[in-house]
Amino acid sequence: MIHVLFVCLGNICRSPMAEAMFRDAVQKENLSGRITVDSAATSSWHIGSPPHKGTLAKLKEYNISSEGLSGRQLDTADFEKFDYIIGMDESNISNIREMLGQPDHPKIMRFLDLTDHQKDVPDPYYTGDFQETYVLVKDGCEALLKKIRAEHSLV
């Protein structure tokens, strides 16, 4: 089983959107038995909270299930469990490395470094632009699934 974890600051906007969208892509590719998906926050602000209403609205607009999404904080056990730990921005990456005590580990990567965008996923909690986040997360999900397929010979 391949385990993927998306991480952002609060686990209410970007990372739960990525979790839901990547899970949807995995299901559509009939890989649910091979890939598991989760999300977490570097902060403890929204533990147990549902995703932001903007994230929920965007997922609903594109008919992507938000079932089971709930805020939680990243912990050291995640480093052992997950094969891919995907941060939404450079600040998240720095926090992940510090929290997990792994200053430079290949399983930790910035989401859009897998795409041609090569930038942070802006936080719609602050920008209010959930459509931009959706488009960037969609591109990131496609690139990540392609990477996982190649690295694990999934056809």
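Taking every residue in the range 138-155 that is surrounded by 15 or more Cβ atoms within 10 Å (Cβ to Cβ) and pairing it with any residue that is of a type outside the set (A, V, I, L, M), at least 6 positions away or on another chain, the pairs with Cβ-Cβ distances below 6 Å are D139/T115; G140/F111; G140/T115; C141/F22; A143/T115.
Filtering P124, P106 for residues that are free of Cβ contacts under 8 Å to residues at least 60 places away in the same chain and of a type outside the set (G, A, S) leaves a single hit, P106. Note on the range 11-31: among residues that are over 12 Å from the mean Cα position of the chain (by Cα) and assigned to a loop (DSSP other than H, G, I, E, B), the one that is nearest to R72 (Cα to Cα) is L31.
Residues that are part of a loop (DSSP other than H, G, I, E, B), on the phi < 0 side of the Ramachandran plot and free of Cβ contacts under 8 Å to residues at least 60 places away in the same chain within the range 38-63 comprise T42, S43, S44, W45, H46, I47, S49, P50, P51, listed in sequence order.
Count of the range 113-155 residues, restricted to those that are in a loop (DSSP other than H, G, I, E, B), of a type in the set (A, V, I, L, M, F, W, C) and under 15 Å from I93 (Cβ atoms), is 1.
Table: residues versus (1) among the aliphatic types (A, V, I, L, M); (2) out of contact with any Phe, Trp or Tyr (no Cβ under 6 Å at 6 or more places or on another chain).
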| site | (1), (2) |
| --- | --- |
| H117 | no, yes |
| P124 | no, no |
| E132 | no, yes |
| L136 | yes, yes |
| G140 | no, no |
| A143 | yes, yes |
| A150 | yes, yes |
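Note on the range 64-112: among residues that are of a type in the set (V, I, T) and part of a helix (DSSP H, G or I), the one that is surrounded by the fewest Cβ atoms within 10 Å (Cβ to Cβ) is T76. Residues that are loosely packed, with under 14 Cβ neighbours inside 10 Å, of a type outside the set (A, V, I, L, M, F, W, C) and closer than 13 Å to N11 by Cα within the range 33-63 comprise S44, G48, K53, listed in sequence order. Checking each residue in the range 46-94 for being more than 21 Å from M109 (Cα to Cα) and touching a Pro at 6+ places or on another chain (Cβ under 9 Å) picks out P50, P51, H52, G54, T55, L56, K58, L59, S66, L69, S70.
For the range 119-155, the candidate set comprises residues that are more than 23 Å from I12 (Cβ to Cβ) and over 16 Å from the mean Cα position of the chain (by Cα); within that set, the residue that is modelled with the lowest pLDDT is V155.
The values are calculated or read from the model by the stated rules, or taken from the named source; none is laboratory data. Since this is a predicted model, take the numbers as computed values, not measurements. We place every Cβ from the backbone using ideal geometry, glycine too, and count neighbours over all the protein chains shown.
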